[in-house]
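Report on the structure given below.
Read the figures in this text as sums done on the coordinates, not as results from a lab. Quick caveat: nothing in here was measured; it's all calculated off a predicted structure. As a convention, Cβ positions derive from the backbone with ideal geometry for all residues, glycine included, and neighbour counts pool all protein chains shown.
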């Protein structure tokens, strides 16, 4: 029986790998210990959150390219071109900052208008999944764009809240505002055409809820 502390205890067996060396990359070409390498430029949480944002941008850009052939309305086509252009610039700006931490000049997507919203249901058309890609129409495309921007706004907001780097936080904030503005454009486009109708409650119910909150 081996005694703890004897030379044989814990000795590496022939052909065995020492734990924490080859498996972990230690001793391999290019490996640097914390003392040899440079300090990390970003925190773990912010890198993981920004990774989610950049992956979502790539997926969104690719998805919108797939949508384009199904667009028939010129206004929707122009809106998608504008969104795609901004999404590509957003991706490039974030990726560039991660590599160089250079100056940032990224501005949120702007140009959205204060468009009047039509409230209430006005004989909405029945909805169901398309049975074929040939059935995809402008409403499907606009709804897909809207869903993407809503989801991305949440991702960017969560990423901003996890950022320790101030400039990266600003980039995430601007990205979130851009997604909100692009979602608004999609919504108003659909609302004006009856594609996205806004249901309402009875007026007395709305009034009761509003009046339950008093001014200080």
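Structure notes:
- Gyration tensor verdict on region 47-184 (Cα atoms; rounded if a/c is under 1.5, prolate if a/b is larger than b/c, oblate otherwise): prolate
- Pair residue 123, residue 44: separation of 7 Å Cα→Cβ label points (nm): 6.0
- Cα convex hull of region 148-216, projected area averaged across orientations, nm²: 7.5
- Burial order of peptide ranges 143-155, 175-187 (average beta-carbon count within 10 Å, highest first): 175-187, 143-155
- The stretch between residue 62 and residue 192, if pulled fully straight at 0.36 nm per residue, gains 44.1 nm over its current Cα-Cα span.
- Packing-based order for 73-81, 206-214, using average beta carbon neighbours within 10 Å, highest first: 73-81, 206-214
- Taking each residue as 0.36 nm, the span from residue 161 to residue 115 lengthens on full extension beyond its C-alpha to C-alpha distance by 13.5 nm.
- Highest average packing first - 134-140, 123-129, Cβ atoms within 10 Å: 134-140, 123-129
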